[in-house]
1. Within segment 240-263, count every residue that is touching a helix residue (DSSP H, G or I) at 6+ places or on another chain (Cβ under 9 Å) and closer than 30 Å to Gly190 by Cα.
2. Going through Leu180, Leu194 one at a time, which residue ends up being within 15 Å of Ser65 (Cα to Cα) and in contact with a Ser or Thr (Cβ under 7 Å, 6 or more places away or on another chain)?
3. Looking at segment 245-263, which of the residues that are outside any strand (DSSP E or B) and closer than 14 Å to Leu180 by Cα is most open to solvent (accessible area, probe 1.4 Å)?
4. Going through segment 163-191 one residue at a time, which ones are open to solvent by 20 Å² or more (accessible area, probe 1.4 Å) and aromatic (Phe, Trp, Tyr)?
5. Sort out which residues of segment 113-126 are open to solvent by 20 Å² or more (accessible area, probe 1.4 Å), among the polar types (S, T, N, Q) and touching a helix residue (DSSP H, G or I) at 6+ places or on another chain (Cβ under 7 Å), and write them in order of number.
6. Got at least one residue in segment 228-244 being in contact (Cβ under 8 Å) with a residue 12 or more places away in the chain, surrounded by 21 or more Cβ atoms within 10 Å (Cβ to Cβ) and of a type in the set (Gly, Ala, Ser)?
7. If the requirement is being at pLDDT 95 or above and of a type in the set (A, V, I, L, M), which of these qualifies: Leu154, Leu193, Leu122?
8. Go through segment 82-97 and give me each residue that's surrounded by fewer than 22 Cβ atoms within 10 Å (Cβ to Cβ) and touching a helix residue (DSSP H, G or I) at 6+ places or on another chain (Cβ under 7 Å).
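The values are calculated or read from the model by the stated rules, or taken from the named source; none is laboratory data. Nothing here was measured: the structure is a model prediction, and the numbers come from that model. Cβ sites come from the backbone with ideal geometry, for glycine too, and all protein chains shown count toward neighbours. Ligands, DNA and RNA are excluded from the accessible area calculation, which covers all protein heavy atoms including side chains. Shrake-Rupley method; radii C 1.70, N 1.55, O 1.52, S 1.80 Å.
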Amino acid sequence: MSTMDPALVLYYPTHEINTKMYLEEYFSKHVPYSTFKESTINMQRCFYKAFKSGLVCGKTLIDISIGPIIMHLISVCEFLEEISIYKFNEVTIKELELWRNKDPEAFDWTQTSKIFMEIKQLNSDGWEEVEEILRGKMKRIEKWDFNKDDQNSLPKFDCATSIWGLDMISKDHEDYRRKLKKLNNLINIGGYLLMYANINSSYFKIGKEKFHLLHCDESFYREVISEEGFEIKHYEDLEKTMICDDVDHDRVVFIIAQKVKEA
């Protein structure tokens, strides 16, 4: 069983991330192209293609990704009616609300929105409209503590997305199973789980701080997802393009699984 090393890394959400620094170092116009390609461009292509092709469909979506990120939601919002975002701490919620409310202090996602327009092979001038569509469909931005058994108070959704979410908040493989089960309880039968995760990770950096990422390989992902009553519809290995040591991993994976039964 893979576990975190408390002497090496910080554990989220016990230790809050610096959201501003996180966004600047991985998703801003200042990051190297090799980093931006992995953190944003490849991800947007995956999510957009999943919905555009009809492989994934639904009206409602729950997102439990790490930090105040929206690049994957920009990619799929046109296909959905409502998006609910659940976060693990208040600072992340505050950052997202700044963007939704068009606050001058909010992170600038313009580059990401323009890149998405290029992925759709449309004029990038339409990027503002895409952002407005997403703002209009973000119905909830709320806190959820995965360590509490309160998911029964939440509605069920047609789709769930996790960008490095379970990998970062799970201390070991058994903890991952418990948290995936809780997320599974929020997905309708026939609904979809979409995951963008790393293979063989141990940490990622924000500034000089190292944060825990659970070490997971392909066999673990396939096993745990199947155990929870999902059928994997799409499993895609993506190249590791980052050339820095900010994230310790071998490659990236994009998984689409459909819930076919209650576990």
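1. 9
2. Exactly one residue qualifies, and that residue is Leu194.
3. Among them, the one singled out is Glu262.
4. Trp164
5. Across segment 113-126, the qualifying residues are Asn123, Ser124.
6. There is no residue in segment 228-244 that is in contact (Cβ under 8 Å) with a residue 12 or more places away in the chain, surrounded by 21 or more Cβ atoms within 10 Å (Cβ to Cβ) and of a type in the set (Gly, Ala, Ser).
7. Leu193
8. Listed by number, the residues that qualify are Glu82, Val91.
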